[in-house]
Structure formats: C-alpha cells, structure tokens
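Colleague: Below is the structure I would like to discuss, written out as structure tokens.
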Amino acid sequence: MDSIILNPKNEKELKFIIELLGKLGVSNMVMSDEDKEDLRLSFLSAEVDRVEEAPKEEVYKKLTTFLNEKYEFGLTEEDYQVLDERRARHLAGESVSYSWEEVKETAKTLRK
C-alpha cells in the first residue's frame, strides 16, 4: 500500500495529527530532522544508482543542491578554489582516497 508523508507547520499541528491518526487507528511514525535527511540522501543515492555510471558532475550538482537547501550555506570563491585544487589532485592520483567504510571506521576510532 502506498503511504503519505505529512509535514506539519508546528509542534501543535504535529500533536493534533498524531492524535487524530491514533483515533482513526492509522499507524504512524514521527521522523526526526536527521531521519528526514537520511531519507533524502537515500533517495538521492537511489536516483544516482539507477544510472549505470552517473557522471561525477551530476552527482556533485545534486549533492550541492541538497546541501544548499538543507543548510542554506554558501561557499566563498576561496573555498571553491581550495575544492577545485583538491579535486584536481585527486583526479591526478596525487592524493589519497578513502571508502565510506574506511571513513566510518576512522571516525569510530577517533571517537574513542
């Protein structure tokens, strides 16, 4: 069965909707902002996975759009220069790359 996603305007409206759904016997789940972010990233990832090999520029644009919508941040021209330099070094094989699993393991180790 298909589902719906509701986005209440405020806490009061959220509580009202939860109460109403409970009275109607409709199961529901409240998602944190982090859960919603994870869901959006998984949609983005699934969209990229549908393409046999997604162009890196397409992935970069989608990720940039997502981050700008989520965090409303901007980068300075200097930030872009640093990123361009790092990307060029990476593409030239002059820098080390890590898999997502390696990054998570390193983060766990540093956390302890």
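Colleague: When you go through (1) within 18 Å of the chain's Cα centre (by Cα); (2) not in a loop (DSSP other than H, G, I, E, B); (3) not assigned by TED's automatic domain parsing to the domain that holds Leu67 one by one for Ile5, which number turns out not to apply?
Modeller: Result: Ile5 fails condition (2) only.
Colleague: Do you know which residues across the range 1-17 are loosely packed, with under 10 Cβ neighbours inside 10 Å and of a type in the set (Lys, Arg)?
Modeller: Answer for the range 1-17, where residues must be loosely packed, with under 10 Cβ neighbours inside 10 Å and of a type in the set (Lys, Arg): Lys9, Lys12.
Colleague: Same structure, new question: Across the range 1-17, what is the total count of residues that are modelled with pLDDT under 90 and more than 25 Å from Leu67 (Cβ to Cβ)?
Modeller: 4
Colleague: Just the residues that are more than 19 Å from Lys56 (Cα to Cα) and touching a Leu at 6+ places or on another chain (Cβ under 9 Å), please, taken from the range 73-101.
Modeller: If the condition is that a residue be more than 19 Å from Lys56 (Cα to Cα) and touching a Leu at 6+ places or on another chain (Cβ under 9 Å), then Phe73, Leu75 are the ones that fit.
Colleague: So which of Leu44, Leu83 ends up being out of contact with any Cys (no Cβ under 7 Å at 6 or more places or on another chain) and at pLDDT below 75?
Modeller: So the residue among Leu44, Leu83 that is out of contact with any Cys (no Cβ under 7 Å at 6 or more places or on another chain) and at pLDDT below 75 is Leu44.
Colleague: Across the range 18-34, what is the number of residues that are without any contact (Cβ under 8 Å) to a residue 12 or more places away in the chain and either surrounded by 10 or more Cβ atoms within 10 Å (Cβ to Cβ) or farther than 28 Å from Phe66 by Cβ (or both)?
Modeller: Qualifying residue count for the region: 11.
Colleague: Next up: Do you know which of the residues in the range 59-80 that are more than 23 Å from Lys36 (Cβ to Cβ) and either hydrophobic (A, V, I, L, M, F, W, C) or assigned to a helix (DSSP H, G or I) (or both) is modelled with the lowest pLDDT?
Modeller: Leu75
The values are calculated or read from the model by the stated rules, or taken from the named source; none is laboratory data. Because the structure is predicted, anything quoted here is derived from the model rather than measured. Virtual Cβ from ideal backbone geometry, glycine too; neighbours counted across all protein chains shown.
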